[in-house]
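See below for the structure under consideration.
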Amino acid sequence: MSNSRENTNVDASTEDRVNAMRGYKAALKNPRVSNEAKQHASEVLNNELGWDNPRQELYDVRARNKDPNRVAGGLKGAQSNARNTERGKQASAEKLDKLSQQAPEE
């Protein structure tokens, strides 16, 4: 059985950009980083990396590679989980309905 991360066709440049984004965001929060370095990190995030765009690209690629049967199983489990709120159960039911409508009938 393969790990779900093995089958993702994410190019290294997207993962590298996400890692760079994490580093620059950490620099913005670190009190030991100078104001000049924080300004540089902010400029790089805004101008070169597009703030959260690399992360969204990564999520999009991974979402396309999810096994629909496993997603449906997770949604069914969420509906019967006693620790899940009624709102969460309702949301999982709606997502499951939407997923079943998208699936091709065999």
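Each reported figure results from applying straightforward, stated rules to the coordinates on display, with no laboratory input. Please read all numbers here as calculations on a predicted model, not as lab measurements. Cβ sites come from the backbone with ideal geometry, for glycine too, and all protein chains shown count toward neighbours.
Can you give me the convex hull volume of the Cα atoms of segment 12-64, divided per residue and expressed in Å³?
Taking only Cα atoms, segment 12-64 has a hull volume of 63 Å³ per residue.
Starting from the 7 Å offset along Cα-to-Cβ, what nm value, one decimal, do you get for the label separation of Asn19 and Ser80?
Label at Asn19, label at Ser80, 4.1 nm between them.
Return the distance in nm (one decimal) between the two label points of a simple spin-label model at Gln101 and Lys89, each offset 7 Å from Cα along Cα→Cβ.
2.3 nm
Distance cut-off 24 Å, Cα to Cα: go down the list Lys76/Lys98; Lys25/Lys66; Lys25/Lys89; Lys25/Lys98 and report the pairs above it.
Lys25/Lys66; Lys25/Lys89; Lys25/Lys98
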